[in-house]
Amino acid sequence: MQRPPILGTRGSPLALAQARMVAAALEQAHGWEPGFVQLRTVRTSGDRIQDRPLAEVGGKYLWTKELDQHLIAGETDFSVHSMKDVESVRPAELHLAAMLPRADVRDRVVGASSINDLSQGALVGTSSPRRAAQLLRRRPDLQTVSIRGNVATRLGKVGTEVDATLLAAAGLDRLGISEGCAIETDFMLPAPAQAAVGAECRSEDEGMRALLAAINHLPTCAAVHAERAFAREVGGSCHSPVAALAIAGPDGRLWLRAELLSTDGSEQVAGEVRYDPDNAPETPRQLARDLLDRAPPSVRALFA
């Protein structure tokens with residue numbers, strides 16, 4: 001019998017729920033018994049550092065660094081990530097081999113029935129520069145403050161430390177949490193790759209690549225790669241408010257929408273394209289360059 005593959009994952013409740021989703025999909029695809037895939041939890045720097053915004057201490061790399069080290073060393077066979085938390089440039093030794101079907105891409109507001117129903121001057125907790133900028137663009141009277149921690153920790157701050165918070169609908173759904181009201185994407189465009197769960201293995205591991213290919217959802221993969229290509233081209237850092245969402249149509253064409261914002265949301269540049277990713281793979285990068293060319297100085301400076 002084949003050796004059970006070892007899946008590397010963070011140990012948060014959400015990360016474990018997503019890891020189990022991928023493990024179950026693999027087991028079903030290959031006719032393995034439930035529990036055949038072995039989970040190995042890895043505590044990342046992002047889990048350890050809870051007193052400062054990630055943008056101040058290394059950004060998204062802090063969610064992936066230790067998982068990458070275990071994978072490259074051969075201590076695990078593949079890693080499972082929230083694709084939103086994976087930096088857009090990855091080590092050459094690693095290969096994004098599969099993505100599960102994407103979940104609800106929207107954000108949810110917890111603590112009010114809508115953004116418009118937040119009281120004048122309400123304090124909203126979020127560690128996301130994108131969410132803060134988008135929120136202040138719609139409601140400049142609001143105040144934002146950075147909050148960290150897992151989903152339960154952040155929810156626990158609502159009504160005590162903050163009036164409301166913003167969280168990804170997909171993460172709440174995966175944890176069985178129904179709190180909050182969804183915000184439509186024409187009001188708040190999500191982060192690149194939000195709601196997508198990906199599996200990454202060593203580039204040289206052809207066997208693992210083939211196993212993971214069996215669970216790869218092609219429409220999600222195409223959309224997420226388009227959003228990540230856009231994000232790579234605009235550059236910036238975890239301080240840079242950027243949003244992008246690609247939707248695959250039944251004919252395989254993608255509708256890609258994106259926006260860049262100033263920190264306080266007072267200035268913004270946005271654009272959209274519809275294209276065939278097989279025939280025009282450069283389109284996301286072209287959209288990125290177009291937005292940067294049209295961006296006001298307050299926005300362009302965040303993506304230098």
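Rule-based calculations on the coordinates, nothing more; no lab input. Here the structure is a predicted model, which means the values were calculated and not measured. In this analysis, Cβ positions are derived from the backbone assuming ideal geometry, glycine residues included, and neighbour counts consider all displayed protein chains.
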Notebook entry, point to check: Of G171, G159, G236, which is the most mobile in a GNM of the chain whose springs link Cα atoms less than 10 angstrom apart?
Noted result: G159
Note to self: Antiparallel versus total DSSP beta bridges in the chain: what percent is that, nearest 5?
What the structure shows: 75
Notebook entry, point to check: With the chain treated as a Gaussian network of Cα nodes joined by springs under 10 Å, which of D278, D264, D77 yields the largest mean-square fluctuation?
Noted result: D278
Checklist line | Debye, to nearest 20: dipole size of the chain, +1 on Lys, Arg Cβ, -1 on Asp, Glu Cβ | finding: 400
Margin query: List residues of region 210-245, by number, whose backbone nitrogen lies under 19 Å from a label position 7 Å along Cα→C-beta of R289.
Written below: 226-236
Next item on the list: Report the residue, chosen from T64, T220, T41, that carries the largest GNM mean-square fluctuation when the chain is represented by alpha-carbon nodes joined by springs under 10 Å.
Entry: T41
Check: HN-Hα J couplings of region 110-125 from phi, Karplus 6.51/-1.76/1.60, θ = phi - 60°, integer Hz, Gly and Pro as x?
Finding: 10, x, 7, 7, 6, 4, 5, 8, 5, 5, 3, x, 4, 9, 10, x
Check: If you build the Cα gyration tensor of region 107-183 and take the root of 5 times each eigenvalue, what three semi-axes come out, in whole angstrom, biggest first?
Finding: 18, 13, 12
Check: Can you give me the pair-distance distribution of the chain, C-alpha pairs, 10 Å bins, whole percents?
Finding: 6, 27, 35, 24, 7, 1, 0
Check: In deg cm²/dmol, rounded to 500, what helix-only [θ] at 222 nm does the chain give when every DSSP H run of at least 4 residues adds -39500 (n - 2.57) and the total is split over its residues?
Finding: -9500 deg cm²/dmol
Notebook entry, point to check: Taking each full run of DSSP H in the chain as one helix, which ones are at least 15 Å long along their axis (Cα atoms) and have mean Kyte-Doolittle hydropathy of at least 0.5?
Noted result: 13-30
Margin query: In whole Hz and in residue order, list the ³J(HN,Hα) couplings for region 254-263 that follow from phi through the Karplus curve 6.51 cos²θ - 1.76 cosθ + 1.60, θ = phi - 60°; x for Gly and Pro.
Written below: 10, 10, 10, 10, 8, 8, 10, 10, 6, 4
Checklist line | Which of E227, E179, E200, E259 has the fewest Cβ neighbours within 10 Å, and the rest in rising order | finding: E179, E259, E200, E227
Next item on the list: Averaging sequence separations of C-alpha pairs under 8 Å and six or more residues apart, then dividing by the length of the chain, give the relative contact order as a whole percent.
Entry: 20
Next item on the list: Take the alpha carbon gyration tensor of region 232-303, find the square roots of its eigenvalues, order them as a ≥ b ≥ c, and report rounded if a/c is under 1.5; if not, report prolate when a/b exceeds b/c, else oblate.
Entry: prolate
Note to self: Using Cα-Cα distances under 8 Å and only pairs 6 or more residues apart, what relative contact order does region 194-287 have, in percent?
What the structure shows: 21
